[in-house]
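Every number in this text was worked out from the coordinates using simple rules, so none of it is lab data. No experiment lies behind these values; they were computed from the predicted model shown. Please note: Cβ atoms are built from the backbone with ideal geometry, for glycine as well, and neighbour counts cover all protein chains shown.
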Amino acid sequence: MTVDDKITNSLNDSTLKQLNLEPPTEISSGTPVFEAADKMCDNGFGCILITEAGKLTGIFTERDVLLKLSIADVDESRSVDEFMTKDPVTLKLSQKISEAVNEMSAHGYRHLPIMDEENSKCVGILTAKKIIEFVVEFLPEQVYNLPPSLDQSMPTPEGG
C-alpha cells in the first residue's frame, strides 16, 4: 500500500471526532464589529462564531475583515452581524474527514464549525491547517527532511 493510499483510506475512514480541534471563540449577536475583530485577533484565531441565545447564527472570519472592513469606512458602532456570514455551513463530529475536505475545497472555506451530535452545540473549529497536520502525520520523513529550498540539493548527507 502506497503512502497516497494510506492517506486516502485514513481520510475516508477517520471522523472529525479524531482530530484535536480548536475550541470555538464565541460572541453575541449585535457585538460591535471592531470588538469582534479585536477578540479574534487577541485569541490568535482566524474566525469567531456569532451566537444568539446559544444558537450559532454566523461566522466572522479574517477574510471578512480583509474584504469587507478594509474597503469601507466603517463606523465602530456597526454590528458584526452586518459583516458576518449568516447561517454558516457546519459539520457533525461523526462525519468523515474526507467530507470536510470536500466541503472546504468545493466552497473555499478555511474554517468550519463542528457541532456535537446531541445538542447541536459547536465543539470546535476545523481549519485547513488542521487537515494539513493530519496528512503530515503520514509523511514525516518527506516533510521533516525537506531542504530549506525545494530545488536545493545537499552535496553531502549532512548538508555541510
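Extension gain for the segment Glu103 to Asp38, taken as residue separation times 0.36 nm less the Cα-Cα distance, is 20.6 nm to one decimal. Simple rule: put +1 on each Lys or Arg Cβ and -1 on each Asp or Glu Cβ in the stretch 61-107, find the dipole, and look at Val89, Val65, Ser79; the Cα lying farthest toward the positive end is Val89.
For the stretch 1-79, chymotrypsin sites (Phe, Trp or Tyr not before Pro) are listed when DSSP marks them as loop and at most 14 other Cβ atoms sit within 10 Å of their Cβ; the list is empty.
Lys and Arg at +1, Asp and Glu at -1: add these up for the other residues within a Cβ distance under 13 Å of Gln95 and post the number. Here the charged neighbours net out to -2. The amide H of Met115, built 1.01 Å from its N in the peptide plane, has Leu91, Lys92, Leu93, Val123 as neighbours under 5 Å, considering only residues 5 or more places off or on other chains. Placing a label point 7 Å from the Cα of Asp116 along the Cα-to-Cβ direction, no residue of the stretch 42-78 has its backbone N under 11 Å from that point. Remark on Thr25: its backbone amide H falls under 5 Å from those of Leu49, a criterion applied only to residues 5 or more positions apart or on other chains, H modelled at 1.01 Å from N.
Here the dipole of the chain is about 260 debye; that uses its Cα centre as origin and unit charges on the Cβ of Lys and Arg (positive) and Asp and Glu (negative). For the chain, modelled as a GNM with alpha-carbon contacts under 10 angstrom, which of Asn20, Asn43, Asn119 fluctuates the most? Checking each option, the largest mean-square fluctuation is seen for Asn119. Here r is the Cβ-Cβ distance between Ser28 and Ala128 and R0 is 35 Å; the resulting FRET efficiency, rounded to 0.05, is 0.80.
Residues Cys41, Cys122, arranged from fewest to most other Cβ atoms within 10 angstrom of their Cβ, appear as Cys41, Cys122. If you count Lys pairs in the chain whose Cα atoms are under 17 Å apart, skipping same-chain pairs closer than 8 places in sequence, the total is 15. Report, in degrees rounded to the nearest 10, the 0 to 90 angle that the Cα long axis of helix 97-107 makes with the longest principal axis of the chain. It is inclined by approximately 60 degrees. Each of Ser105, Met40, Met115 was scored by the projection of its Cα onto the charge dipole of the stretch 3-138, and the greatest displacement toward the positive side belongs to Ser105; charges sit on the C-beta of Lys, Arg, Asp and Glu.
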